[in-house]
1. Restricting attention to segment 254-269, does a residue exist that is open to solvent by less than 10 Å² (accessible area, probe 1.4 Å) and over 18 Å from Asp363 (Cβ atoms)?
2. Check off (1) open to solvent by 60 Å² or more (accessible area, probe 1.4 Å); (2) over 32 Å from the mean Cα position of the chain (by Cα); (3) hydroxyl-bearing (Ser, Thr, Tyr) for Tyr114 and give me the number that stays unchecked.
3. Lys446 - would you say it is of a type in the set (Lys, Arg), at pLDDT 95 or above, over 20 Å from the mean Cα position of the chain (by Cα) and on the phi < 0 side of the Ramachandran plot?
4. Among (1) open to solvent by 40 Å² or more (accessible area, probe 1.4 Å); (2) modelled with pLDDT under 90, where does Leu215 come up short?
5. Which number in (1) of a type outside the set (A, V, I, L, M); (2) in contact (Cβ under 8 Å) with a residue 60 or more places away in the chain; (3) part of a loop (DSSP other than H, G, I, E, B) marks the one condition that Gly343 misses?
6. Can you work out which of the residues in segment 389-410 that are open to solvent by less than 10 Å² (accessible area, probe 1.4 Å) and outside any loop (DSSP other than H, G, I, E, B) is farthest from Gln512 (Cα to Cα)?
7. Considering only residues that are open to solvent by less than 10 Å² (accessible area, probe 1.4 Å), of a type outside the set (Ser, Thr, Tyr) and under 14 Å from Pro310 (Cβ atoms), which ones fall in segment 343-352?
8. Restricting attention to segment 468-478, report how many residues are part of a helix (DSSP H, G or I) and either surrounded by 13 or more Cβ atoms within 10 Å (Cβ to Cβ) or outside the structural domain of Trp499 (by the TED database) (or both).
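The values are calculated or read from the model by the stated rules, or taken from the named source; none is laboratory data. The structure presented is a predicted model; accordingly, all values stated were derived computationally and were not measured. Counting neighbours? That spans all protein chains shown, and the Cβs are built from the backbone with ideal geometry, glycine included. Please note that ligands, DNA and RNA were not included when accessible areas were found on the heavy atoms of the full protein model with its side chains. Shrake-Rupley method; radii C 1.70, N 1.55, O 1.52, S 1.80 Å.
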Amino acid sequence: MAGWMWFRCFLGPHLQRVHRSQEESRPEGRAGRRGWTYQPKSLEKHTDSILGWASALWSLSYYSSPLVLCYLYRKGYICSSKLVPVSQYVGTVIVCLLGVAFLRGWGRWRNSEYQQFISILEETRKNHTPSNKKKLACYDFDFSHWPADFSWEEVSNPKLLSKAGVSLLKPEPKLRGAADSMLNSLRTLPCHIVSFLIAHSFGRRILYPGSVYLLQRAMRPMLQQGQARLIEECEGQRNKLVACDGNEIDTMFVDRRREEGLHGQTLVICCEGNAGFYEVGCMNTPLEGGYSVLGWNHPGFAGSTGVPFPQNEANAMDVVIQFAVHKLGFQLSDIVVYAWSIGGFTASWAVMSYPEIQALVLDASFDDLLPLALKVMPDSWRPLVTHTVRQYMNLNSAEQLCKYQGPVLLIRRTKDEIITTTGPEDIMSNRGNNLLLKLLQFRYPKVMTDDGVRTVRAWLAASNPVEEAAVYSSYEVDDDWCVSVLQSYKTERDVFFPWSVGEDMTLEGRRQLALFLARKYMRNFDSTHCTPLPYSEFAAPWGL
């Protein structure tokens, strides 16, 4: 029995923190539920440190391996006479590390707190009941060992069209003859190969730096602190979801439905940026407003497995929505999707695929990845970058957004340095402008003629509230008149977008309406890209 317990400790996860259970909460309230950091004994502490450094060095070697291999090849070290001694050294290191792992298991076995944890983990794996899950939730440990709480297989999903996963919008194929198509495929084969290698090596890691292990390791103390705050102060519930591609998605749910307030019955699903985690990300904004909040990490981020390609991202978003509806008990009409930065892709996919969702809020988001990718790459790479983005990283948020009929709010950062194609001082190069224009041009094509677009561009060029107000007043926009025109059109026709409102209107009327709509769909926030959005700037999207 003791040998079996030691073996479980040897294979067990790294324990980081123990949360105080709700039954043990102190009279002073939520602050009294604060837990404590797990304190390993000396043997476990030192052996765990050695294995941690070995893991970091292995990760560093993995990322630098192409350069190292090239260097070794040029120096003539890649030959049998050189590789045999190296393999012996590597074998010795592996044996030593295995011995260190055995000692770590011994150290854990001698720690009663770790033994109690591993017993609860094993019992929960055998019998995943709510009571066992509640006991296990008192521990923060490697999420790969956490039992699955929900799988896409538990509910029927008619949107699943292929083994790859949920459906995505694809670029329209160019029509060619069979012979011409075959010849073109052979001619472009080298480009396809290079694009594949770029996308699956440094391209994906540049686009989603949060998926890089070294960055996650550096941020681990901050992530653990954020995790503890959500669980101990906000009574968050951590869950593992299994997407249709097999990826395990790490989520955090804060339930406010039982609390007094206006917003608790509304669930805000948060989609993080390319280096954002729910532990320290945009979840905090709706939490301040008293909303029920569901956060999740991209595939390959912290506790989530996989890699964050568009298909995997959409698959993850799909299972998050399914979990919110079928497990948490929210209706789609009670869900608001809130996204920051690159999270706008999964958020726009969600509202396109589930049009019954109540509303969408996009903060510091862009319309299309390609212009931003071209900005950071040499001009000579333009064809290769275009092909790589369209084939493997086609984050076409604006195209997806135009498929949604519900209320939308866009928040533009006036000092954004990330999604501008020139620099933060040039506010007209902010790709949030293009997102707004594409949405308005789709929904109100008769209003957004060339004159309407020029009028909205003049308003977008304003970099502060005073300039905005000056542009708005120069066109003498009558808000009440604009509302009455739109309300009358909606009442009489009750049709889906695009609307034909404005086709019989004067030039002055169309300009007024264009400015009115632009100000209703977009709000400016005087800040840089990575500044947390205060709750005062988070508002329900406008709707008639």
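1. Yes: one or more hits.
2. Result: Tyr114 passes all but (1).
3. It is true that Lys446 is of a type in the set (Lys, Arg), at pLDDT 95 or above, over 20 Å from the mean Cα position of the chain (by Cα) and on the phi < 0 side of the Ramachandran plot.
4. (2)
5. Checking Gly343 against (1) of a type outside the set (A, V, I, L, M); (2) in contact (Cβ under 8 Å) with a residue 60 or more places away in the chain; (3) part of a loop (DSSP other than H, G, I, E, B), the one that fails is (3).
6. Val389
7. Within segment 343-352, Gly343, Gly344, Phe345, Ala347, Trp349, Ala350 qualify.
8. Qualifying residue count, segment 468-478: 3.
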